[in-house]
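A short write-up of the structure that comes next.
Taken together, the values in this text are just the output of simple stated rules run on the coordinates, not laboratory data. Model, not experiment: these values are computed from the prediction. Note that each Cβ is placed from the backbone with ideal geometry, even for glycine, and that neighbours are counted across all protein chains shown.
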Amino acid sequence: MTTDSLDLFADQPPTPPAPPDDAGAEAGDDGTLALDRYAERAYLAYAMSVVKSRALPQVEDGLKPVQRRILYAMSEMRLSSSAKHVKSARVVGDVIGKYHPHGDSSVYDAMVRVAQDFSLRYPLVDGQGNFGSRDGDSAAAMRYTECRLTPIAELLLAEIDRGTVDFIPNYDGAFEEPQLMPARLPFVLLNGASGIAVGMATEIPPHNMREVAEATCHLIRHPDAGLDDILAMLPAPDFPGGGQLISSPEAIRDAYASGRGSLRLRARWRIEELARAQWRVIVEELPHGV
């Protein structure tokens, strides 16, 4: 589900692109290039760099580059779900030094998000310590918190060393990093995604794992299955923290069909009777992001 936006979701501005290789093809006899043509091409290259290298997730594994680098670095550090927690600062330093040459806050903030069970339907990092709350409290500093991978993160990383994905050089060519994760399930649907790039944005809601797996198997067996066939198995999003989806089935179907739309959620609550004719409202589930 997408919306148009011209905002920039980035921790640091990317390196300005070099002039296009085919710029000379449109240059004048004196070798000059019209400023409007250069600006158009340079801005397009800049926009695509932000889209692919920072702000939006890949459909194949549902991860943004910084998230993929965090999980791969933790995998290389042998921080499986059965390993001992280590300081988050150690992981952040490894990610910055080997794969993601940006500020430590950008890496740690990304790690905190994938560790929050109220942000992700299926957290990928098992955090120990204060990783924030849905009341708006921020996480403790990375020198205090500890982390390791969750069991479900191993679905993303399994068989990564068996030639299942391509590896590319890191920023200085000293190491290699995976171009994608060999995800066994479409994590872009499981955890959803939110990001704003240059000229485009995405807002993908999370879904239930059993429903996604059933729909995936059905599509493998029946590649020509229609939207209504999939909606019979995957009827609607499933947000972390619960909440009640009150959008009509027609509105949900239109959103899936077009990729654009909005969903309405409300809290689940009940009234608890007290002594002397008093009562109180108990809120049991909140809408996502509230």
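Taking 30 Å as R0, compute the FRET efficiency from the Cβ-Cβ separation of TRP279 and GLN244 and round it to 0.05.
Calculated transfer efficiency: 0.90.
Take the Cα pairs of the stretch 65-178, get the Kirkwood Rh, then feed it into Stokes-Einstein at 37 °C and 0.692 mPa s and tell me D in µm²/s.
229
If you average over every viewing direction, what projected area does the convex hull of the Cα atoms of the chain give, in nm²?
That works out to 21.3 nm².
Where a Cα-Cα gap under 19 Å defines reach, which lysines qualify for LYS87, not counting those fewer than 8 residues away within the same chain?
Hits, sequence-local ones excluded: LYS98.
What is the calculated FRET efficiency for GLU76 to CYS217, with r their C-beta to C-beta distance and R₀ = 25 Å, to the nearest 0.05?
Once the sixth-power term is evaluated, E becomes 0.20.
I want to verify the translational diffusion coefficient of the stretch 125-266 in µm²/s; compute it with Stokes-Einstein, Rh as the Kirkwood radius over Cα pairs, at 20 °C and 1.002 mPa s.
Rounded to a whole number, D works out at 117 µm²/s.
For a quick size check, give me the Cα extents of the stretch 190-239 along its three principal axes, largest first, whole Å.
37, 23, 16
Let me see the pair-distance distribution of the stretch 200-280: every alpha carbon pair, 10 Å bin width, integer percents in order.
Distribution as computed: 15, 38, 26, 11, 8, 3, 0 percent.
Sort GLU146, GLU154 so the one with the fewest other Cβ atoms within 10 Å of its own Cβ comes first.
By the 10 Å Cβ count, ascending, the order reads GLU154, GLU146.
For ARG264 and ALA158, what is the calculated FRET efficiency with R₀ set at 51 Å and r taken between the beta-carbons, to the nearest 0.05?
Efficiency, rounded to the nearest 0.05: 0.85.
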